[in-house]
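**Q** Quick one: this structure, given as structure tokens, is what I'll be asking you about.
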């Protein structure tokens with residue numbers, strides 16, 4: 001995934017392709033949708049976190 005303009009413009013075509021073939025993964029679509037909704041909600045609550053929590057999150061970020 002390169003986040004190029006071509007990828008963005010090809011997204012509707014790719015979704016239509018999978019829809020026509022009946023290959024949509026609805027549980028994963030629900031999961032990804034919920035994750036994005038909660039991330040959008042969480043981005044506005046970062047200012048309510050304590051400094052310790054933010055430092056801890058920053059330290060855990062590079063762990064894979």
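What follows is calculated from the coordinates using simple rules that are stated; it is not laboratory data. Bear in mind the structure is a predicted one, so any value in this text is a computation, not a measurement. No Cβ is skipped: glycine too gets one built from the backbone with ideal geometry, and neighbour counts run over all protein chains shown.
**Q** Search the range 48-64 for residues that are free of Cβ contacts under 8 Å to residues at least 60 places away in the same chain and pair each with any residue that is part of a loop (DSSP other than H, G, I, E, B) and surrounded by 10 or more Cβ atoms within 10 Å (Cβ to Cβ) when their beta-carbon atoms are under 9 Å apart and the residues are at least 6 apart or on different chains.
**A** Filtered contacts from the range 48-64: 57/49.
**Q** Residues to consider are 9, 53; find the one that is assigned to a helix (DSSP H, G or I) and surrounded by 10 or more Cβ atoms within 10 Å (Cβ to Cβ).
**A** Only one candidate passes the filter, namely 53.
**Q** Looking only at the range 12-45, count how many residues are within 18 Å of the chain's Cα centre (by Cα), assigned to a helix (DSSP H, G or I) and loosely packed, with under 10 Cβ neighbours inside 10 Å.
**A** Here the count works out to 8.
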